[in-house]
1. With the calculation restricted to Cα positions, what are the radius of gyration and Dmax of region 20-117 in angstrom?
2. What does the net charge come to around Asp17 if you take all other residues with beta carbon closer than 14 Å to its beta carbon, with K and R at +1 and D and E at -1?
3. Could you tell me which residue out of Val56, Pro72, Trp110 lies farthest along the dipole of region 47-121 toward its positive end? Charges go on the beta carbon: Lys and Arg +1, Asp and Glu -1, centred on the Cα centre.
4. Two decimals is fine: what's Rg over Rh for region 98-163, C-alpha atoms, Kirkwood radius as Rh?
5. What residues have an amide H closer than 5 Å to that of Phe37, excluding those fewer than 5 places away on the same chain, when H is modeled at 1.01 Å from N in the peptide plane?
6. Please report, largest first and rounded to whole Å, the three semi-axes of the ellipsoid equivalent to region 37-176, where each semi-axis is the square root of five times an eigenvalue of the C-alpha gyration tensor.
7. Could you pull the Rg and Dmax for region 17-72, using just the Cα atoms, both in Å?
8. Under the 0.36 nm per residue contour assumption, what length would be gained going from the current alpha-carbon distance of Ile60 and Val12 to full extension?
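Laboratory data are not the source of any read-out in this text; all were calculated from the coordinates shown. Not measured: the values here are computed from a predicted model. Neighbour counts are summed over all protein chains in view; Cβ atoms, including those assigned to glycine, are modelled from backbone coordinates with ideal geometry.
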Amino acid sequence: MDPLELLITNDVLRAMDLLGVFVMGVAAGALASRLNFDAVGFAIIGIAAGLGGGIVRDLILDYGVPAAFSGPWYLACALGGAAFSFTISTDGPWWRRLVTVLDIAAMGLWAATGTAKSLGYGLDVLPAILLGVASAVGGGVIRDVLVGRIPAVFGGGPLYATGALVTAVLTWLVVALGLPSPAGAHRRRRRLAAGRCRGLAAVDPAGPQRMAGDDVRRAAEEPGAPHPQG
């Protein structure tokens, strides 16, 4: 599994992605609460904040149906985060610190997956990095524009855009260097061994069994190897 495949298809990263959407929904809901929005306002701003960046990315890539609408999970997480803030007050200092930390982590993940997805679709380096950053901060920008304030990515708060940019550049470096994952290297060795056995079986049906027997004999002949009983 190469870095592109890992970042785009890994189930653990997908779960983290959904958690990030939920957190963005919570943060957007907290803002809606301070602005005295009604339930519809909570829902709209939660969806815009949690899914806006990914929708922009997929539309630019001509991905077809954006990933946010390819199933119920993304919309459910965005709405769930907004509903959480609608029912539970998240304005306390402890809540704000927790949401900020999770928000930054989610943006880093979105910058990495957005850059990887853009590179996988054949974009050059600079456009891919730019689209990775847009994937990370796009939802927050849309959220802030909807409520009529200067987007937080322009300053006055955590360095969202800077962190997303650094993550996007590092993602490009990992992909450009082609660093393999240990699991991918193990799978490649297994595929090579299976291909060798199939090729040998096509020439000599007894070849795989003979090859396995040779391996056993070589192991038994090694110094200190245990001898079979009986």
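1. Cα-based Rg and Dmax for region 20-117 come out at 13.5, 41 Å.
2. Working: positive: Arg14, Arg57, Lys117; negative: Asp11, Asp58, Asp103.
Summing Lys/Arg as +1 and Asp/Glu as -1 gives 0.
3. Trp110
4. On the way: Rg = 12.4 Å, Rh = 12.3 Å.
Using only Cα positions, Rg/Rh for region 98-163 is 1.01.
5. Those lying under 5 Å, H to H, from Phe37: there are none.
6. Result for region 37-176: semi-axes of 26, 18, 13 Å.
7. Radius of gyration, then largest Cα-Cα span, for region 17-72: 12.3, 37 Å.
8. Details: separation 48, 0.36 × 48 = 17.28 nm, distance 2.58 nm.
Gain on stretching Ile60 to Val12: 14.7 nm.
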